[in-house]
1. What share of the DSSP beta bridges in the chain is antiparallel, in percent to the nearest 5?
2. Hey, can you grab everything whose amide H is under 5 Å from the amide H of Leu228? Only 5+ residues off in sequence or another chain; H modelled, so Pro and N-termini drop out.
3. What Rg and what Dmax come out for the range 58-112 when only alpha-carbon atoms are used, in angstroms?
4. When the Kirkwood hydrodynamic radius is evaluated over all pairs of different C-alpha atoms of the range 208-361, what value in angstrom, to one decimal, is obtained?
5. Would you mind finding the longest exposed-site-free stretch of the chain, with exposed GluC sites (Glu not before Pro) meaning DSSP loop and at most 10 other Cβ atoms within 10 Å?
6. Please list the equivalent ellipsoid semi-axes of the range 222-261, computed as the square roots of five times the alpha-carbon gyration tensor eigenvalues, in descending order and whole angstrom.
7. For the range 144-283: lysine pairs with Cα atoms under 29 Å, gap of 8 or more or different chains, count?
8. Need one number: nm distance between label points at Ser46 and Lys315, each 7 Å from Cα along Cα→Cβ, rounded to one decimal.
Amino acid sequence: MSQADIAIIGLAVMGQNLALNMNDHGFKVAVFNRTVSKVDEFLAGSAKGTQIVGAHSLQELVGLLKKPRRVMLMVQVGQPVDDFIEQLIPLLEPGDIIIDGGNSNYQDTMRRTKYVESKGLLYIGTGVSGGEEGARYGPSIMPGGSPAAWPHVKPIFQAIAAKVADGSPCCDWVGENGAGHYIKMVHNGIEYGDMQLIGEAYFLMREGLGLSAPEMSKVFAKWNKGKLDSYLIQITRDILAYKDEDGKPLVDKILDMAEQKGTGKWTGISALDMGIPLTMIVEAVLARSLSALKDERIAASQVLSGPKPKIAGDKRAFIADLEHAVYASKLISYTQGYMLMRAAAKEYNWNLNYGGIALMWRGGCIIRSVFLGKIKEAFDRNPDLSNLLLDPFFAKEIQAAQGAWRRVVAKAVQKGIPVPAMSSALAFYDGYRRESLPANLLQAQRDYFGAHTYQRIDKPRGQYFHTNWTGRGGSVTSTVWKKN
Ligand code: 6PG
């Protein structure tokens, strides 16, 4: 019997579909699942007639593999990953590779890479995006970890990944230790932002313009042919057109309480840790949290009032503005996401390829879009681009969209319709583009109440001053603690 190219542990939906995808591309896959009956069910079910082989123990699984052995975990994040690593280590030999394809936290992946390497093995933590269908027919794959492992995994991953129009795979090496999972985390943060923006556009049309779900489906269908052409706009079009058994839109019957598994939150935490103003994604995470307070909102709706949401005037003109507002806000979100990745690369010493990341996200994943092709082009023009907004194409785009964007946010504020993502994106834009901000006053306040000192515009940077604002108190400053 010829030996298997790769093992997959974990036969939930992603594991099964990845195994079938690898099989389609001519790789021989061995599978294992903690509840072993699932292995037989899979072999007798969707894997029937394929080359996929099953194992009923980890020993058996490892014995089926070519060397260096490639073992991919598609299990629940957290402890199960650590448990399988522990069980696999004694069964593997130096140079063998353990791959984690779940949505693990990048810090866990950093720790695991170090640990697995200390045992003489190699480790990859990889983002896999695209849901069930992506896994089956072409996901976006974002691997990082031990660089020596990459040549052994590359042919399989690049074969099964989604391809863009010129045939390039949506998969490339991201960087050392946790880089792959970090990039997947940022992808998910951006996914939260995109979804929130679409939700806000939907809410403005529903509450403000009084459009029905099928009417809005038509708007999204139109947007999907323009600059916003993307997977999330496309599925929104389809969701809004979907009818329940009684013929009414199903979306209207779904409880408005968002859930989340943590990747968006981690993106925000990382941004706060590094001091990156990732405002839009953080607003998107917190908008989910606010939505989850359904019972409190019900109670508050009886007590707190606001303006009537109905937006009068030309609906078509408002919808045209809305398309620009979503587009401009989206540009801010990606700008902030790229600022975060740049900061992380510095913090963790990763040599990230920003155009390559846009290419990886261009197809296969949940945030795939025409827009990502434009981001790729911006980095092709200037690989050292410090900020997306400063790319000539995007600077022009945001300039063209901003009038409409401001009208939409102003209208939403006037009508009491919450648009946290669109409005925070605009506030970021208006802050980022200003040479001066009110932080001079803030520094004065810090110095007044805590002698925290300040720098002056008429003195070189790095010189700190303290003023005895009240004439009382001593002249001791808190400079010692300032940098902590
Ligand atoms: C993907 C998705 C996926 C994620 C879900 C759910 O890239 O395929 O990002 O990895 O788990 O979108 O995330 P939440 O439950 O946090 O919304």
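Bear in mind that the values in this text are calculations on the coordinates, not laboratory data. The shown structure was predicted, so the numbers you read here are calculated from the model rather than taken from an experiment. Cβ placement follows ideal geometry from the backbone for every residue including glycine, while neighbour counts extend to all protein chains displayed.
1. Values: 10 of 31 bridges.
Among the beta bridges of the chain, antiparallel pairing accounts for roughly 30 percent.
2. none
3. Answer for the range 58-112, Rg first and Dmax second: 11.2, 31 Å.
4. Numbers: mean 1/r = 0.0537 Å⁻¹.
One decimal place: 18.6 Å for the Kirkwood radius.
5. Numbers: sites that count: Glu245, Glu259, Glu435.
Segment 1-244 is the longest.
6. Values: eigenvalues 98, 53, 8 Å².
Values for the range 222-261, descending: 22, 16, 6 Å.
7. 29
8. It is 4.0 nm.
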